[in-house]
Amino acid sequence: MAVKTGFIGTGNMGGAILKCLSRQNGRYELFAYELNTKLADELSRKYPVSFLDSIWELVKTCQVIIAAVKPAQMDTVMKQCTDSFDSSKLFITIAAGLPIKYYENFLGKDSKIVRTMPNTPALIGEGMTIVSYGKNVEKVEAELVNDIFSSVGKVEEMPESMMSEVIALTSSSPAYVFMMLEAMADAAVRAGIPRNTGYRLAAQAVSGSARMVLETGMHPGILKDMVCSPSGTTIEAVATLERNGFRNAIIEAMDNCTKRAREIGREIDK
């Protein structure tokens, strides 16, 4: 029997998961609640999803509820979930910063809560989703969550105590890479290479480098050393990056990202 799965919000991330689940050979019966009627109409034309008129109705109808909204919207959403939620249902959130206990305050201490942190490469099926399970989630339900997020990429479980820390590593990090690609293309344009060509070549170089780390299992420092010939061009570039604080900029950016994730949780939890 298909798992009745409901989405509260079908923007970039909710929409990406919905699209991928729609291709799972009928394993999921999809429902959604979306304030943007234009987006709802577009998705309903393309995918087998039923849009419902209220969050209350969606929660009442579905076995699995995926809350794909921003942290600032979550209070409003949760207040509309409480009357139709019961402990047999599975509640999955993708919001940054909000701990499992926050959702239990609305849904009850016996509720089954899953906190996740996906990233934007999920839009092309290459996402990295970190998952943390509440104490009431059973093994079969954890397997279901793994199946849902495997549809948009890789999945890894981590303790909830690390969820704010991992945001900087996986969820926000695509932005750092996109900034680097843009800078690389700017340098390419300055050297006379067409911008679109610069983007394409830089993106492939970065993609291939990432695959080398994943597939060889070698330390990134060793792979870097393999590219750096004595008195060569690459070591000159590396020395320039070091002189300009490249590593420290990344570390400091991630530290500040983590601090902000913690602040979001505290702000909402007041």
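Data overview
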item: Test: residue in region 80-91 that is in contact (Cβ under 8 Å) with a residue 24 or more places away in the chain, charged (D, E, K, R) and over 21 Å from THR170 (Cβ atoms); result: yes
item: From the options GLU215, GLU263, GLU252, residue that is surrounded by 12 or more Cβ atoms within 10 Å (Cβ to Cβ), within 28 Å of SER164 (Cα to Cα) and not hydrophobic (A, V, I, L, M, F, W, C); result: GLU263
item: Filter result (in a loop (DSSP other than H, G, I, E, B) and under 22 Å from THR76 (Cβ atoms)) within region 115-124; result: PRO118
item: Which numbered condition ALA142 misses (of (1) more than 19 Å from the chain's Cα centre (by Cα); (2) assigned to a helix (DSSP H, G or I); (3) more than 24 Å from ARG211 (Cα to Cα)); result: (1)
item: Unique residue being assigned by TED's automatic domain parsing to the domain that holds LEU107, of a type outside the set (Gly, Ala, Ser) and in contact (Cβ under 8 Å) with a residue 40 or more places away in the chain when the list is VAL152, VAL131; result: VAL152
item: Leading residue by the ranking (farthest from GLU104 (Cα to Cα)) among those in region 226-270 that are part of a loop (DSSP other than H, G, I, E, B) and among the hydroxyl-bearing types (Ser, Thr, Tyr); result: SER231
item: Residue list for region 100-123, filter: small (Gly, Ala, Ser) and at negative phi; result: SER111, ALA122
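The values are calculated or read from the model by the stated rules, or taken from the named source; none is laboratory data. No experiment lies behind these values; they were computed from the predicted model shown. We place every Cβ from the backbone using ideal geometry, glycine too, and count neighbours over all the protein chains shown.
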